[in-house]
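Structure first, then comments.
Derivation of every value follows stated rules applied to the coordinates shown; laboratory data play no part. Model, not experiment: these values are computed from the prediction. In this analysis, Cβ positions are derived from the backbone assuming ideal geometry, glycine residues included, and neighbour counts consider all displayed protein chains.
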Ligand code: 5GP
Ligand code: ZN
């Protein structure tokens, strides 16, 4: 874990969050600035800064994040109509929190291309 990481603090309970679901290895909580009716962030309970830090040792976290996202999309009732997964990486990707997170966004029509 990283001492100065916002999402590590949420995992540790040092900063409150609206936690939707969690397992031993991943955690999902509602985005503080939601962009749709459902906007959940899914993160590993291990500090991985971004997709750039994924490797042979930690890549399983990504499938665990995906699995949790699928469970939540069913529970949120957005599975049938569809939704969007987003992972922003680095400055050009628009990443603002350096702890890898999957955005699960749904409940409205999405548009393409993204901004
Ligand atoms: P990024 O821009 O890095 O892809 O996404 C970071 C997300 O974290 C943003 O959507 C932002 O609204 C959300 N966020 C930032 N600070 C907090 C916080 O303290 N609590 C929660 N729940 N979400 C946050
Ligand atoms: Zn972290």
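Of the three principal axes defined by the Cα atoms of the range 1-73, the extents in descending order read 35, 28, 22 Å. Given in Å, the Rg to one decimal and the Dmax to the nearest whole number for the Cα atoms of the range 35-115 are 13.1, 37.
The distance between label points at residue 54 and residue 66 comes to 0.8 nm (points 7 Å beyond Cα on the Cα→Cβ vector). Relative to the dominant Cα principal axis of the chain, helix 60-75 is inclined by about 30°. Kindly state, to the nearest 0.05, the FRET efficiency for residue 25 paired with residue 4, given R0 = 22 Å and r defined as their beta-carbon distance. For R0 = 22 Å, the calculated efficiency reads 0.50.
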